[in-house]
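Novice: Supplied in structure tokens, the structure appears directly below.
Bear in mind these aren't lab numbers, they're just calculated from the coordinates by the rules spelled out. Nothing here was measured: the structure is a model prediction, and the numbers come from that model. Note that we place each Cβ from the backbone using ideal geometry, even for glycine, and neighbour counts take in every protein chain shown.
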Amino acid sequence: MAKKLNMVFTRGESGTKTISLADPKDGITASEVKGVMQNIIDKDVFLFETGSPIDGIKRAYIRETIITELPEA
């Protein structure tokens, strides 16, 4: 099963920006993730050609995907 940590940020009037990271560590906590997200905001890590910068935390979640390979015919 593949896992991705999705961190969703607000961008003022420009909507949201989602950053996805593969294979988050087991047992990661909401407070750990929110701390990282706040560091990203505080350090203004991402630049955008248009629209608003990242200015807030909307949500964070882990998406689990089951991948089933189909046998070759």
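Novice: So for the range 2-65, averaging the separation of alpha carbon pairs under 8 Å that are six or more residues apart and normalising by length, what relative contact order in percent results?
Specialist: Reported relative contact order: 51 percent.
Novice: Report the residues of the range 10-37 in range of a label on F48: point 7 Å along Cα→C-beta, backbone N strictly under 11 Å from it.
Specialist: 10-18
Novice: What is the angle, in °, between the Cα long axis of helix 30-42 and the longest principal axis of the Cα atoms in the chain? Nearest 10 is fine, range 0 to 90.
Specialist: Here the helix axis deviates by roughly 50 degrees.
Novice: Ok, one more. Return the loop-located chymotrypsin sites (Phe, Trp or Tyr not before Pro) in the range 4-73 (DSSP other than H, G, I, E, B) with at most 13 other Cβ atoms within 10 Å of their own Cβ; answer none if there are none.
Specialist: Loop-located and lightly packed - F46, F48.
Novice: Further question on the same structure: Tell me the trypsin sites (Lys or Arg not before Pro) within the range 24-73 that lie in a loop according to DSSP and have at most 11 other beta-carbon atoms within 10 Å.
Specialist: Here the sparse-neighbourhood loop sites are K25, K43.
Novice: Say a site is exposed when it is one of the GluC sites (Glu not before Pro), sits in a DSSP loop, and has at most 13 other Cβ atoms within 10 Å; what is then the longest site-free stretch of the chain?
Specialist: Result for the longest clean stretch: 1-48.
Novice: Sticking with this structure for a sec: For N39 and D26, calculate 0.36 nm times their separation in residues minus their Cα-Cα distance, and state this gained length in nm to one decimal.
Specialist: Here the answer is 2.6 nm.
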